[in-house]
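Encoded as structure tokens, the structure appears first; notes follow it.
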Amino acid sequence: NGFRTSPDLYTRDNLVRQLRAYATYGITTVFSLGDDQGDAFALRAEQATAPPDRARVYVAGPIVYTDTAEAARVETDKVIALKPDLVKIRVDDNLGSSKKMPEAAWRATLDRAKAAHLTLAAHIFYLTDATLLAEAGNTFIAHSVRDLPVDQRFLSAMKASNACYSPTLMREVSTFAYDETPSWTTDPFFRRGYGADIVAELSDAGRQAKFKASNAYAQGQKYRAGLEVAKANLKKVHDAGIRIAFGTDSGPAGRFQGYFEHLELEMMVQAGLTPMQAIVSATGAAADCWHKAGELGTIARGARADFLVLDRNPLDDIRNTRTIATIVIGGRTFTPPAVR
């Protein structure tokens, strides 16, 4: 299940189960931003020859995270040799709990990725780092700026490089939400893909108390504050004409694949985007940011036949994305697996 996801479960069977969880909620394509292993590359290869019975996946391979420019070049070349769809770096100190990737190292990785014609997704938290990356010509900012309001210098740099910004608001929610029973445990749509064992785990008072007493929860309170900054920044970034690439960072424990994507859409609208703007960020705009325009994200001649049929109009209420009647992936109807 999604709540107990961990690295030791990185197997083909578990990956397929997770990709089917995404598809169960109408998420037909996933870009994984890092630490992908051989099984994920194999699944990507299979989908190139036939429509998958799960969400499509595109991969970054191992995250590049080094201390020196020399080491960054070596590690980046190793990743590029795997033939990923993108390269991922972490320019973040986890709120002071780890060492940040030095500027010389990330610049070396950026140069290597550009030479290989691969988009570099940069994990950031701080405005200063995001600005320097954008000014260096990096074209994908992963996660929101969460420490300060974005300023004109950052917005201008992003526009100059035609960069994309992926807010991943639900990533923040997952860091603090489990000190009590989340409201979504009673949502029938949540039960579409997650069963009674997950609900019981989320509702367990002992587990909640243990989480509330943990260092992770204390750190999560800082991310809770950062979420409000992130929401305001999303609106500013969008209004500045910068492309928004929908993302959730779902996959790790406590981030429920497929379901969190719908909560993300709702939160984006709460932040000030219209339902249509949020939907475009998750379809055509995201495809464009990953150089898949005309292939994914839109209904067009020659594109992959991926689409949803909804019972109610999401432009009236973004929560109507949850009224899924039919899921089509590659021209084939996807039937969600039974909930265990």
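The values are calculated or read from the model by the stated rules, or taken from the named source; none is laboratory data. This structure is a prediction, so every number in the text was calculated from the model and none was measured. Backbone-built Cβ (ideal geometry, glycine too); neighbour counts: all protein chains shown. Each accessible area value is taken on the protein alone, full model and side chains, heavy atoms only, with ligands, DNA and RNA left out. Shrake-Rupley method; radii C 1.70, N 1.55, O 1.52, S 1.80 Å.
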Can you return the lysines within cross-link range of residue 212? Criterion is Cα-Cα under 19 Å, with same-chain partners fewer than 8 residues away left out. 222
Residue 83: which lysines have alpha carbons under 27 Å from its alpha carbon, excluding same-chain residues fewer than 8 sequence positions away? 100, 114, 292
What's the extension gain from residue 12 to residue 186 if we count 0.36 nm per residue and subtract their Cα-Cα distance? 59.6 nm
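Residues with beta-carbon under 15 Å from that of residue 293, excluding residue 293: net charge, scoring Lys, Arg +1 and Asp, Glu -1? Walk me through the numbers on the way to the answer.
Numbers: positive: 243, 292, 301, 304; negative: 85, 288, 295, 306.
Overall, the nearby charge balance is 0.
Is it possible to state the helix-based mean residue ellipticity at 222 nm for the chain, with each DSSP H run of 4+ residues giving -39500 (n - 2.57), the sum divided by total residues, to the nearest 500 deg cm²/dmol? What is it?
Values: 13 runs with 139 residues, N = 340.
The per-residue figure over the chain is -12500 deg cm²/dmol.
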Between residue 104 and residue 153, the FRET efficiency computed from the C-beta separation at R0 = 25 Å comes out, to the nearest 0.05, as 0.70
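What is the calculated FRET efficiency for residue 218 to residue 160, with r their C-beta to C-beta distance and R₀ = 56 Å, to the nearest 0.05? Could you put the intermediate results ahead of the total?
On the way: r = 39 Å, r/R0 = 0.69.
Plugging the Cβ-Cβ distance into 1/(1 + (r/R0)^6) gives 0.90.
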Distance-filtered residues of region 60-88 - backbone nitrogen under 13 Å, label point 7 angstrom along residue 116 Cα→Cβ: 60-65, 72-88
Given the options 138, 152, 126, identify the residue whose Cα lies farthest towards the positive end of the charge dipole of region 92-158 (+1 on Cβ of Lys, Arg; -1 on Cβ of Asp, Glu). 138
Need one value: the accessible area of residue 276 in square angstrom, 1.4 angstrom probe, rounded to the nearest 10. 90
For a test of the definition: using alpha carbon positions, the gyration tensor, and the 1.5 limit on a/c, classify region 197-340 as rounded, prolate or oblate. oblate
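Provide 100, 159, 114 ordered by accessible surface of protein heavy atoms (probe 1.4 Å), highest first. Each step should come with its number before you reach the end.
Details: 100 65, 159 120, 114 95 Å².
Sorted descending by solvent-accessible area, the residues read 159, 114, 100.
Only helices at least 27 Å long along their own axis, judged from Cα atoms, and with Kyte-Doolittle mean hydropathy of -1.0 or greater: name those in the chain from DSSP H. Let's see the in-between values first.
Values: long enough: 215-239 (36 Å, -0.91).
Membrane-span-like by this rule: 215-239.
Under 8 Å for C-alpha pairs, at least 6 residues apart: give me the relative contact order for region 1-150, rounded to a whole percent. Intermediate values should be presented prior to the final figure.
Values: 234 pairs, mean separation 25.8, N = 150.
Computed value for region 1-150: 17 percent relative contact order.
How large is the dipole of the chain about the Cα centre if only Lys and Arg carry +1 and Asp and Glu carry -1, each at its Cβ, rounded to the nearest 20 debye? Don't skip to the answer; put the middle values down first.
On the way: 41 positive and 39 negative charges, 73 e Å.
Charge dipole of the chain: 360 debye, to the nearest 20.
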Tally the DSSP beta bridges in the chain and give the antiparallel ones as a percent, rounded to 5. 25
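Using heavy-atom solvent-accessible surface (probe 1.4 Å) with all chains present, what is the largest-first order of 153, 12, 44?
Highest to lowest solvent-accessible surface, that is 153, 12, 44.
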Could you name the lysines in cross-link range of residue 235, using Cα to Cα under 20 Å and dropping any fewer than eight places away on the same chain? 159
Shape of the chain, Cα gyration tensor, a/c cut at 1.5: rounded
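So, with a 1.4 angstrom probe, what is the percent of accessible area on the chain that is carbon and sulfur? Mind showing how you got there, number by number?
Numbers: 7870 of 14850 Å².
With neighbouring chains kept in place, the figure for the chain is 53 percent.
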